[in-house]
Amino acid sequence: MFQLTATPASALADEPVHIRVTGLPPLQTVTLMASMKDEKGNLYQSRAFYRASKAGELDLKQAPALGGHYVGVHPMGLFWSLKPEKAFERQIKKDVMNSPFWITLELYDSVYLQKSGEVQPRASQVVQRWFSSPQTQRVQVQEGRVRGALFLPPGAGPFPGLIDLFGGIGGLVEYRASLLAAHGFAVLALAYFAYADLPKQLQEVDLEYFEEAANLLLAHPKIQKPGIGVISVSKGAEIGLAMACYLKEVAATVCINGCNAIFEFPLKYRDLVITPIPSLPERMEFNIMGALCLRHYKGNPRDALNQHSVLPIEKAQGPILFIIGEGDECFNSREYAEQALDQLRRHGRSSGRMLLYPGAGHLIEPPYLPLCYASWSRGLFCPLLWGGDPVGHAAAQEHAWGEIQKFFRQHLVQSRSTL
């Protein structure tokens, strides 16, 4: 009797699942397959080929995949290697409170290459991947100019407060904020264009908007004083770094594959205007899939002519953690982080740290979410190349997620003696 188990069958999306098979013939070759549909109905699938033990068992914590979408021992490989059936789709959870992603695991007793459902699997199991815990509270934020969603853990608090910024995707992106709230942080997922009554396109970065958001968060009775953290990626990480430099409310900052200077749009703050470094569109490249690589598109912040656009990172009051994927094909993010750290050192500061991940691409997400190598992007006629290889990227996501939480706990959570 074939039996496929996945425990826990219902869990947060950043929690591992233990997959086991029993009742197989000794040394039987099998296929394990995962499939799911996102909220738009796009199908994602992955598969791997395994050999059962002499006892007719399979434990993905120990057994290596012999082939398929990955090779070797990867207990969560079926999750992070999910591929969209429709090219250039990006898996994004929209409704984080009311429904999970449902992932169906199927067992076939041979090397199975057809689509799911064409042959009856020998066993199957459905797992639920949630992006919020049952007690998390979501509060829609529409106060002054600020637009977003605040996620609060259960209890009276006070909780360490974070602002969560995504990049050129625009709109309101909530899944990272809701997951962090499940780990004890109060997180404001902040929209800054292409949402509600905000500008439809980004034409300038008004830092006073982000200052208003920081003050709004700090004024909440459940938010721990005196400062907040910022977690940010891509264009959001450029803004996150600017917040660290200019806003006294920001006490700790995580920049995931961002820049150390202002690019594309001017940054304004009170009387200050920082003009962007000119881009070099002639340096854009298309890869073999027809996706656009922007890695060499931006001008170099080290050039003497561009110094006016470099952020004064030495003014940042709190520590900064740079999370960098060496396989980033969208930004030259390692170079930007190294420039920022050099600048800190020249000013006698040691408040910056870089975590460099070989094989990781631009979009470093919470653990076990699949690598998005390239996807359609707002306002572009072709897909954008993000980069990364699935194994290295998955390892980076798992490690970085723990480091990010440790970093914020270290720098935002007050010790008992000060409470």
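The values are calculated or read from the model by the stated rules, or taken from the named source; none is laboratory data. Because the structure is predicted, anything quoted here is derived from the model rather than measured. Quick reminder, even Gly has a Cβ in these numbers, built from the backbone with ideal geometry, and neighbours come from all protein chains shown. Please note that ligands, DNA and RNA were not included when accessible areas were found on the heavy atoms of the full protein model with its side chains. Shrake-Rupley method; radii C 1.70, N 1.55, O 1.52, S 1.80 Å.
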**Asked** Carbon and sulfur: what percent of the chain's accessible surface (1.4 Å probe)?
**Response** 53
**Prompt:** What accessible area, in Å² to the nearest ten, does a 1.4 Å probe give for E15?
**Reply:** 70
**Request:** Please determine, in degrees from 0 to 90 and to the nearest 10, the orientation of helix 333-346 with respect to the longest principal axis defined by the Cα atoms of the chain, where the helix direction is its Cα long axis.
**Result:** 40
**Prompt:** Within a Cβ distance under 13 Å of Y70, other residues only, what is the Lys/Arg minus Asp/Glu net charge?
**Reply:** +1
**Prompt:** Once amide H atoms are placed 1.01 Å from N in the peptide plane, what residues at a sequence separation of 5 or more from A182, or on another chain, have their amide H within under 5 Å of its amide H?
**Reply:** S133
**Asked** Which trypsin sites (Lys or Arg not before Pro) in region 288-325 pass both tests, a DSSP loop state and at most 11 other beta-carbon atoms within 10 Å?
**Response** none
**Prompt:** Share of Cα-Cα pairs in region 137-412 beyond 29 Å, in percent?
**Reply:** 27
**Prompt:** Which of the peptides 55-68, 352-365 is most tightly packed, and how do the rest follow, going by the mean number of other Cβ atoms within 10 Å of each residue?
**Reply:** 352-365, 55-68
**Fill in**
To the nearest Å², the heavy-atom accessible area per residue of region 216-318 with 1.4 Å probe amounts to 41
**Asked** Once you put a point 7 Å from the Cα of S124 and another 7 Å from the Cα of Q201, both along the Cβ direction, what distance in nm separates them?
**Response** 4.5
**Fill in**
Scoring only Lys, Arg, Asp and Glu (+1, +1, -1, -1) among other residues with Cβ under 10 Å from the Cβ of W80 yields -2
**Asked** Using the heavy atoms of the protein chains alone and a 1.4 angstrom probe, what is the accessible area of region 58-189 per residue in square angstrom?
**Response** 40
**Item:** Residue (of Y373, G157, I223) at the positive-pole extreme of the chain, dipole from beta-carbon charges
**Value:** G157
**Item:** Within-13-Å neighbourhood charge of G318 [Cβ basis; K, R +1; D, E -1]
**Value:** +2
**Solvent-accessible surface (1.4 angstrom probe) belonging to S234, in square angstrom, nearest 10** = 10
